[in-house]
């Protein structure tokens, strides 16, 4: 007989550890909701990073069908992340204020995983946050972004992506490129091809991220109004400044040229 321990639902999911991670600092009823929602966010960010790493491998290996499936999954996860704000918005300003002081200097701006996700999607500036002490973020900010991987994929399909773009310094922020947009127009001529479908799935991801930013900003506004955010951030004002900044600008710009 095998001496291996029996795998149960609880042991497989390590529920003893998982369910011991919620430690509210006050007796306020709503603090538990606040903790759980934000821990779930971090789990979803972990999963998105896991999926996006696969997406880039699929794009760069020429697996268009796999890339399409993975990109659509990421977009669905972002919809779920946005939907969780509906739950958080059931908490009134007074209920949040009942435990806000216990948050100390903590702030959502400190989420290392979300910054890493932004870097993977192409962001290279992080609102004053320095990447030097964060090895994961530093590496992500130097590697090719998802859009770089898309361009390599499209070049492999035979589209006229400029060589200078394929060989660019990926540690620098992407700037919209008219020649790339010409290549994307050619991709979109074949609307049923994998290239166009993958591009549309990346637009879904970009739109999902922008939706998250907007809903997050409105949630902060309705909870703390114009107050300074925890940790000394500018609160809703900072979040408002991040709105409507697409991570794949060329995929939006080409729509005006169709």
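Which angle from 0 to 90°, rounded to the nearest 10, does the C-alpha axis of helix 64-88 make with the longest principal axis of the chain? It works out to around 30 degrees.
Rounded to the nearest whole angstrom, the semi-axes of the ellipsoid equivalent to the range 118-188, taken from the Cα gyration tensor as √(5λ), stand at 27, 11, 9, largest first. If the chain linking residue 192 and residue 257 were pulled fully straight, counting 0.36 nm for each residue of separation and taking away their Cα-Cα distance, it would gain 21.5 nm. Here the range 35-184 has an Rg and Dmax of 18.4, 59 Å, counting Cα atoms alone.
Against the main long axis of the alpha-carbon atoms of the chain, helix 31-60 sits at an angle near 20°. As a rough footprinting exposure proxy, the listed residues 101, 250 were ranked by other beta carbons within 10 Å of their own, and the order from fewest upward is 101, 250. FRET efficiency for the pair residue 200 and residue 39, taken as 1/(1 + (r/R0)^6) with r the Cβ-Cβ distance and R0 = 30 Å, rounds to 0.40.
Applying 1/(1 + (r/R0)^6) with r as the Cβ-Cβ distance of residue 6 and residue 79 and R0 = 30 angstrom yields a FRET efficiency of 0.25. Across 211, 23, 221, mean-square fluctuation computed from a Gaussian network of the chain (C-alpha pairs under 10 Å connected) peaks at 23. Placing a label point 7 Å from the Cα of residue 245 along the Cα-to-Cβ direction, the residues of the range 106-121 whose backbone N falls under 13 Å from that point are 115, 118-119.
Over the Cα atoms of the chain, each weighted equally, I'd like the Debye log10 I(q)/I(0) at q = 0.08, 0.10, 0.11 Å⁻¹, rounded to two decimals. Evaluating at q = 0.08, 0.10, 0.11 Å⁻¹ gives log10 I(q)/I(0) of -0.39, -0.59, -0.70.
What is the gain in length, in nm to one decimal, between residue 60 and residue 106 on full extension, counting 0.36 nm per residue of separation less the C-alpha to C-alpha distance?
Residue separation times 0.36 nm, minus the Cα-Cα distance, leaves 12.8 nm.
Each label point was placed 7 Å from the Cα along the Cα-to-Cβ direction; for residue 50 and residue 94 their separation is 4.2 nm. Shape summary: the range 151-227 maps onto an equivalent ellipsoid whose semi-axes, from the alpha-carbon gyration tensor, are 34, 17, 9 Å in decreasing order.
None of the figures in this text is laboratory data; all of them are computed from the coordinates on show. Just so we're clear, the structure is a prediction, and the values are computed from it rather than from any experiment. Because the Cβ atoms are built from the backbone with ideal geometry, glycine has one as well, and the counts that use them run over all protein chains shown.
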